[in-house]
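Some notes on the structure that comes next.
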Amino acid sequence: MYKGQKIIVVLPAYNAAETLERTVCDLPDIVDEVILVDDKSRDQTVELARRLGLVVFEHDKNGGYGANQKSCYRLALERGADIIAMIHPDYQYDPRLVRYFAEFIVDDYFDVMLGTRIRSRREALAGGMPKYKYIANRGLTLFQNLISGYNLSEWHTGMRTYKREVLEKIDWLSNSDSFVFDSQMLFKIVAANYRIGEIPVPVRYFSEASSINFLHSCYYGLGTILSGFKFKMGRYNKK
(Lines give C-alpha, C1' and ligand atoms only; values in the text may rest on other atoms or scores of the structure.)
Protein backbone atom coordinates (compact mmCIF):
# COMPACT_ATOMS: atom_id res chain seq x y z
CA MET A 1 0.00 0.00 0.00
CA TYR A 2 1.17 3.52 -0.80
CA LYS A 3 -0.31 6.06 1.64
CA GLY A 4 -3.10 3.59 2.31
CA GLN A 5 -3.96 3.16 -1.40
CA LYS A 6 -3.79 -0.17 -3.22
CA ILE A 7 -2.05 0.32 -6.56
CA ILE A 8 -2.64 -2.23 -9.30
CA VAL A 9 -0.93 -2.18 -12.69
CA VAL A 10 -2.84 -3.73 -15.57
CA LEU A 11 -1.10 -4.98 -18.71
CA PRO A 12 -3.26 -5.51 -21.83
CA ALA A 13 -1.07 -8.07 -23.58
CA TYR A 14 -0.85 -9.59 -27.03
CA ASN A 15 2.33 -11.40 -28.10
CA ALA A 16 4.38 -9.56 -25.47
CA ALA A 17 6.80 -12.35 -24.48
CA GLU A 18 9.90 -10.52 -25.75
CA THR A 19 9.31 -7.38 -23.69
CA LEU A 20 7.14 -8.44 -20.75
CA GLU A 21 9.92 -9.21 -18.26
CA ARG A 22 11.67 -5.89 -18.86
CA THR A 23 8.37 -4.08 -18.32
CA VAL A 24 7.57 -5.89 -15.07
CA CYS A 25 11.10 -5.60 -13.65
CA ASP A 26 11.04 -1.81 -14.07
CA LEU A 27 7.77 -1.31 -12.16
CA PRO A 28 8.31 0.63 -8.90
CA ASP A 29 7.99 -0.98 -5.48
CA ILE A 30 4.80 0.93 -4.65
CA VAL A 31 2.86 -1.39 -6.97
CA ASP A 32 0.86 -3.94 -4.95
CA GLU A 33 -0.27 -6.19 -7.77
CA VAL A 34 0.17 -6.69 -11.51
CA ILE A 35 -2.63 -8.11 -13.67
CA LEU A 36 -1.93 -9.32 -17.19
CA VAL A 37 -4.83 -9.95 -19.55
CA ASP A 38 -3.78 -12.00 -22.55
CA ASP A 39 -5.75 -11.51 -25.75
CA LYS A 40 -5.06 -14.97 -27.19
CA SER A 41 -1.34 -14.51 -27.82
CA ARG A 42 0.49 -16.88 -30.13
CA ASP A 43 3.76 -16.71 -28.19
CA GLN A 44 4.80 -17.55 -24.61
CA THR A 45 3.27 -14.45 -22.97
CA VAL A 46 1.02 -16.39 -20.59
CA GLU A 47 3.68 -18.86 -19.49
CA LEU A 48 6.16 -16.06 -18.81
CA ALA A 49 3.58 -13.97 -16.93
CA ARG A 50 2.88 -16.89 -14.61
CA ARG A 51 6.60 -17.43 -14.00
CA LEU A 52 6.88 -13.77 -13.07
CA GLY A 53 4.11 -14.18 -10.49
CA LEU A 54 1.53 -11.98 -12.20
CA VAL A 55 -2.21 -12.39 -11.91
CA VAL A 56 -3.10 -13.81 -15.34
CA PHE A 57 -6.42 -13.79 -17.16
CA GLU A 58 -6.73 -15.35 -20.61
CA HIS A 59 -9.27 -14.49 -23.28
CA ASP A 60 -10.52 -17.58 -25.08
CA LYS A 61 -10.44 -15.64 -28.35
CA ASN A 62 -8.84 -12.44 -29.61
CA GLY A 63 -11.25 -9.68 -28.67
CA GLY A 64 -9.25 -6.57 -29.52
CA TYR A 65 -7.40 -3.89 -27.59
CA GLY A 66 -10.52 -2.32 -26.14
CA ALA A 67 -11.92 -5.68 -25.03
CA ASN A 68 -8.61 -6.39 -23.35
CA GLN A 69 -8.78 -3.16 -21.36
CA LYS A 70 -12.34 -3.95 -20.27
CA SER A 71 -11.11 -7.18 -18.70
CA CYS A 72 -8.15 -5.35 -17.15
CA TYR A 73 -10.31 -2.75 -15.41
CA ARG A 74 -12.98 -5.20 -14.32
CA LEU A 75 -10.38 -7.41 -12.65
CA ALA A 76 -8.57 -4.48 -11.02
CA LEU A 77 -11.80 -3.19 -9.49
CA GLU A 78 -12.76 -6.67 -8.31
CA ARG A 79 -9.38 -7.03 -6.61
CA GLY A 80 -9.82 -3.80 -4.66
CA ALA A 81 -7.59 -1.34 -6.53
CA ASP A 82 -7.68 2.29 -5.43
CA ILE A 83 -5.32 3.37 -8.22
CA ILE A 84 -5.25 1.56 -11.57
CA ALA A 85 -2.27 2.12 -13.88
CA MET A 86 -2.53 0.81 -17.45
CA ILE A 87 0.68 0.37 -19.37
CA HIS A 88 1.45 -1.55 -22.54
CA PRO A 89 3.76 -4.50 -21.80
CA ASP A 90 5.79 -3.84 -24.95
CA TYR A 91 8.29 -1.62 -23.08
CA GLN A 92 7.49 1.36 -25.28
CA TYR A 93 6.63 3.35 -22.14
CA ASP A 94 8.90 3.62 -19.09
CA PRO A 95 7.28 1.62 -16.25
CA ARG A 96 9.32 3.44 -13.59
CA LEU A 97 7.13 6.50 -14.11
CA VAL A 98 4.12 4.70 -12.61
CA ARG A 99 5.36 5.96 -9.24
CA TYR A 100 4.83 9.59 -10.21
CA PHE A 101 1.51 8.97 -11.93
CA ALA A 102 0.20 7.33 -8.77
CA GLU A 103 1.55 10.08 -6.51
CA PHE A 104 -0.34 12.82 -8.33
CA ILE A 105 -3.58 10.89 -7.89
CA VAL A 106 -3.00 9.74 -4.32
CA ASP A 107 -2.13 13.32 -3.32
CA ASP A 108 -5.40 14.45 -4.96
CA TYR A 109 -4.00 16.72 -7.65
CA PHE A 110 -5.66 14.79 -10.48
CA ASP A 111 -8.14 11.97 -11.10
CA VAL A 112 -6.48 10.73 -14.31
CA MET A 113 -2.85 10.86 -15.37
CA LEU A 114 -1.56 10.51 -18.94
CA GLY A 115 1.95 9.84 -20.20
CA THR A 116 2.61 12.17 -23.11
CA ARG A 117 5.21 11.17 -25.70
CA ILE A 118 5.13 14.53 -27.51
CA ARG A 119 7.44 17.11 -25.98
CA SER A 120 8.96 18.09 -29.31
CA ARG A 121 8.81 16.90 -32.91
CA ARG A 122 12.54 16.23 -32.90
CA GLU A 123 12.41 14.08 -29.77
CA ALA A 124 9.39 12.07 -30.93
CA LEU A 125 10.91 11.27 -34.32
CA ALA A 126 14.35 10.58 -32.83
CA GLY A 127 12.69 8.06 -30.51
CA GLY A 128 11.52 6.12 -33.54
CA MET A 129 7.92 7.27 -33.94
CA PRO A 130 7.04 6.85 -37.64
CA LYS A 131 6.51 10.20 -39.34
CA TYR A 132 2.98 9.39 -40.50
CA LYS A 133 2.03 8.44 -36.92
CA TYR A 134 3.50 11.66 -35.58
CA ILE A 135 1.52 13.71 -38.11
CA ALA A 136 -1.69 11.77 -37.38
CA ASN A 137 -1.12 12.11 -33.62
CA ARG A 138 -0.71 15.87 -33.89
CA GLY A 139 -3.69 16.30 -36.21
CA LEU A 140 -6.06 14.16 -34.16
CA THR A 141 -4.91 15.72 -30.88
CA LEU A 142 -5.57 19.21 -32.31
CA PHE A 143 -9.05 18.11 -33.41
CA GLN A 144 -9.81 16.56 -30.02
CA ASN A 145 -8.62 19.63 -28.13
CA LEU A 146 -10.77 21.91 -30.30
CA ILE A 147 -13.81 19.69 -29.86
CA SER A 148 -13.37 19.21 -26.12
CA GLY A 149 -12.07 22.63 -25.06
CA TYR A 150 -9.05 20.97 -23.45
CA ASN A 151 -5.39 21.51 -24.26
CA LEU A 152 -3.83 18.09 -23.75
CA SER A 153 -0.48 17.53 -25.42
CA GLU A 154 -1.45 13.98 -26.47
CA TRP A 155 -4.75 12.07 -26.55
CA HIS A 156 -3.29 8.80 -27.83
CA THR A 157 -0.94 7.55 -25.16
CA GLY A 158 -0.95 3.94 -24.00
CA MET A 159 0.12 4.86 -20.47
CA ARG A 160 -2.76 5.99 -18.28
CA THR A 161 -3.54 5.93 -14.56
CA TYR A 162 -6.99 6.25 -13.00
CA LYS A 163 -8.50 6.88 -9.61
CA ARG A 164 -10.90 4.07 -8.72
CA GLU A 165 -13.88 6.44 -8.78
CA VAL A 166 -13.29 7.24 -12.46
CA LEU A 167 -13.57 3.60 -13.51
CA GLU A 168 -16.61 3.15 -11.28
CA LYS A 169 -18.47 6.12 -12.76
CA ILE A 170 -17.42 6.16 -16.44
CA ASP A 171 -19.34 3.82 -18.74
CA TRP A 172 -16.30 2.22 -20.36
CA LEU A 173 -18.08 -1.08 -20.97
CA SER A 174 -19.97 0.54 -23.85
CA ASN A 175 -16.71 1.64 -25.50
CA SER A 176 -15.43 -0.03 -28.65
CA ASP A 177 -13.47 -3.30 -28.42
CA SER A 178 -10.94 -1.81 -30.86
CA PHE A 179 -8.17 0.77 -30.46
CA VAL A 180 -10.66 3.66 -30.48
CA PHE A 181 -11.52 2.62 -26.91
CA ASP A 182 -8.86 5.06 -25.68
CA SER A 183 -10.34 8.09 -27.45
CA GLN A 184 -13.84 7.26 -26.26
CA MET A 185 -12.54 6.86 -22.72
CA LEU A 186 -10.95 10.30 -22.65
CA PHE A 187 -13.98 12.01 -24.17
CA LYS A 188 -16.16 10.45 -21.46
CA ILE A 189 -13.70 11.54 -18.77
CA VAL A 190 -13.78 15.09 -20.12
CA ALA A 191 -17.59 15.03 -20.25
CA ALA A 192 -17.64 13.98 -16.58
CA ASN A 193 -15.31 16.86 -15.62
CA TYR A 194 -12.60 14.73 -14.06
CA ARG A 195 -9.20 16.35 -13.57
CA ILE A 196 -6.60 15.21 -16.10
CA GLY A 197 -2.85 15.62 -15.62
CA GLU A 198 0.10 14.77 -17.86
CA ILE A 199 3.72 13.69 -17.41
CA PRO A 200 6.22 13.55 -20.31
CA VAL A 201 7.46 10.04 -21.10
CA PRO A 202 10.35 9.12 -23.40
CA VAL A 203 9.50 7.87 -26.89
CA ARG A 204 10.70 4.30 -27.41
CA TYR A 205 9.86 2.67 -30.73
CA PHE A 206 11.80 -0.50 -31.55
CA SER A 207 11.23 -3.76 -33.41
CA GLU A 208 9.80 -5.70 -30.44
CA ALA A 209 7.34 -2.96 -29.46
CA SER A 210 3.79 -3.41 -30.67
CA SER A 211 2.37 -0.96 -33.15
CA ILE A 212 -0.80 -0.91 -35.21
CA ASN A 213 -0.31 -0.95 -38.97
CA PHE A 214 -1.25 1.80 -41.41
CA LEU A 215 -4.70 0.39 -42.23
CA HIS A 216 -5.67 -0.01 -38.59
CA SER A 217 -4.30 3.48 -37.95
CA CYS A 218 -6.72 4.81 -40.57
CA TYR A 219 -9.66 3.05 -38.92
CA TYR A 220 -8.53 4.40 -35.57
CA GLY A 221 -8.35 7.94 -36.92
CA LEU A 222 -11.84 7.77 -38.41
CA GLY A 223 -13.19 6.27 -35.18
CA THR A 224 -11.58 9.03 -33.16
CA ILE A 225 -13.16 11.73 -35.34
CA LEU A 226 -16.57 10.06 -35.01
CA SER A 227 -16.08 9.92 -31.23
CA GLY A 228 -15.33 13.64 -31.22
CA PHE A 229 -18.60 14.45 -32.97
CA LYS A 230 -20.50 12.18 -30.56
CA PHE A 231 -18.91 14.10 -27.68
CA LYS A 232 -19.92 17.41 -29.26
CA MET A 233 -23.50 16.18 -29.59
CA GLY A 234 -23.59 15.28 -25.90
CA ARG A 235 -23.65 11.53 -26.47
CA TYR A 236 -21.03 10.96 -23.77
CA ASN A 237 -22.67 13.05 -21.08
CA LYS A 238 -23.65 11.00 -18.07
CA LYS A 239 -27.36 10.28 -18.05
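The values are calculated or read from the model by the stated rules, or taken from the named source; none is laboratory data. Given the structure is predicted, the values throughout are model-derived calculations rather than measurements. Counting neighbours? That spans all protein chains shown, and the Cβs are built from the backbone with ideal geometry, glycine included.
Limited to the range 1-48, what total is found for residues that are aromatic (Phe, Trp, Tyr) and either at pLDDT below 95 or surrounded by fewer than 17 Cβ atoms within 10 Å (Cβ to Cβ) (or both)?
Residues of the range 1-48 that are aromatic (Phe, Trp, Tyr), as a first pass: 2, 14.
Adding the requirement that they be either at pLDDT below 95 or surrounded by fewer than 17 Cβ atoms within 10 Å (Cβ to Cβ) (or both) leaves 2.
Of the residues in the range 1-48, 1 are aromatic (Phe, Trp, Tyr) and either at pLDDT below 95 or surrounded by fewer than 17 Cβ atoms within 10 Å (Cβ to Cβ) (or both).
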What number of residues within the range 166-208 are closer than 27 Å to Lys131 by Cβ and either out of contact with any Lys or Arg (no Cβ under 8 Å at 6 or more places or on another chain) or surrounded by 18 or more Cβ atoms within 10 Å (Cβ to Cβ) (or both)?
20
List pairs: first residue in the range 132-159 and more than 21 Å from Tyr100 (Cβ to Cβ), second residue among the charged types (D, E, K, R) and assigned to a loop (DSSP other than H, G, I, E, B) anywhere in the structure, Cβ distance under 6 angstrom, at least six positions apart or on different chains.
Thr141/Glu154
Odd one out for Arg122, checked against (1) of a type in the set (Lys, Arg); (2) without any contact (Cβ under 8 Å) to a residue 12 or more places away in the chain; (3) buried (at least 20 other Cβ atoms within 10 Å of the Cβ)
(3)
How about the range 87-111: which of its residues are among the charged types (D, E, K, R) and outside any helix (DSSP H, G or I)?
Asp90, Asp94, Asp107, Asp108, Asp111
Restrict the check to the range 58-70 and report whether at least one residue is farther than 23 Å from Tyr162 by Cα, of a type in the set (Lys, Arg) and at pLDDT 95 or above.
yes
Apart from one, (1) within 15 Å of Val201 (Cα to Cα); (2) aromatic (Phe, Trp, Tyr); (3) at pLDDT 95 or above all hold for Tyr109; the odd one out is (1)
Hey, can you tell me all the residues within the range 72-103 that are aromatic (Phe, Trp, Tyr) and crowded, with 20+ Cβ neighbours inside 10 Å?
Tyr73, Tyr91, Tyr93, Phe101
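Go through Ser207, Ser227, Ser217, Ser176 for me and flag whichever is more than 18 Å from Leu146 (Cα to Cα), at pLDDT 90 or above and of a type in the set (Gly, Ala, Ser). Working first, answer last.
Numbers: Ser207 fails: at pLDDT 90 or above; Ser227 fails: more than 18 Å from Leu146 (Cα to Cα); Ser217 fails: at pLDDT 90 or above.
Residue meeting the stated conditions: Ser176.
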Quick one: Glu168 ticks every box in (1) out of contact with any strand residue (DSSP E or B) (no Cβ under 8 Å at 6 or more places or on another chain); (2) farther than 26 Å from Lys232 by Cβ; (3) among the charged types (D, E, K, R) except a single one, so which number is it?
(2)
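So which residues in the range 27-86 are in contact with a Cys (Cβ under 9 Å, 6 or more places away or on another chain) and either part of a strand (DSSP E or B) or aromatic (Phe, Trp, Tyr) (or both)? First the steps, then the outcome.
The initial filter retains those residues of the range 27-86 that are in contact with a Cys (Cβ under 9 Å, 6 or more places away or on another chain), namely 35-37, 52, 57, 84, 86.
The answer is Ile35, Leu36, Val37, Phe57, Ile84, Met86.
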Find the residue count for the range 145-195, including only residues that are farther than 21 Å from Lys6 by Cα, in a loop (DSSP other than H, G, I, E, B) and among the hydrophobic types (A, V, I, L, M, F, W, C).
5
